[in-house]
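Taking it in order: structure first as structure tokens, then the write-up.
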Amino acid sequence: MVTYQIEGDQITSPKLASKLSSDLLPYQADSPAQQRIWDYFAKILPSDQRSEIKTFVIGTDGVGGVLASISLLNADLSSWQLNVDIVDSVDPTNMTYTLLHEFGHLLTWIARKKLQI
């Protein structure tokens, strides 16, 4: 629905997806909720530990689907994207667990790159 660039602790340059169904438009327009999700992620993970995350994407696969994921943006493992489902982001416990879980995936890839495994 919305893709942001990340500059330090800030999300910038929102790019809106086109051709969304009308039921998704309120989520796409809810920039305060999107900002709260990013701010929460930025508070629980220090900026020096998430510098490889270059974009932040708000989307949804419907209620109860995938809450968050990370995606590789380039072959050298230096740029990643954090994807968060705005519909499923309402439960703080689930959100915390899932964001830390996804961060664990990122740490694994970073370690593999540094160790050249």
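The values are calculated or read from the model by the stated rules, or taken from the named source; none is laboratory data. As the structure is a computational prediction, the values presented were derived from the model and not from experiment. Cβ atoms come from the backbone with ideal geometry, glycine included; neighbour counts cover every protein chain shown. With ligands, DNA and RNA removed, areas are computed over all heavy atoms of the protein, side chains included. Shrake-Rupley method; radii C 1.70, N 1.55, O 1.52, S 1.80 Å.
Quick notes on this structure:
- Test: residue in the stretch 22-32 that is surrounded by 14 or more Cβ atoms within 10 Å (Cβ to Cβ) and part of a helix (DSSP H, G or I): yes
- Residue satisfying all of: in the stretch 33-68; of a type in the set (S, T, N, Q) and open to solvent by 20 Å² or more (accessible area, probe 1.4 Å); farthest from residue 13 (Cα to Cα) among these: 49
- Filtered by the rule that a residue be in contact (Cβ under 8 Å) with a residue 24 or more places away in the chain and open to solvent by 20 Å² or more (accessible area, probe 1.4 Å), the stretch 80-91 gives 81, 83, 87, 88, 89.
- Residue check, residue 86 touching a Ser or Thr at 6+ places or on another chain (Cβ under 7 Å), more than 20 Å from residue 7 (Cα to Cα) and not hydroxyl-bearing (Ser, Thr, Tyr): yes
- Of the strands (runs of 3 or more DSSP E) contained entirely in the stretch 41-111, those carrying at least 1 residues that are more than 10 Å from the chain's Cα centre (by Cα) and more than 24 Å from residue 22 (Cβ to Cβ) fall at 68-72.
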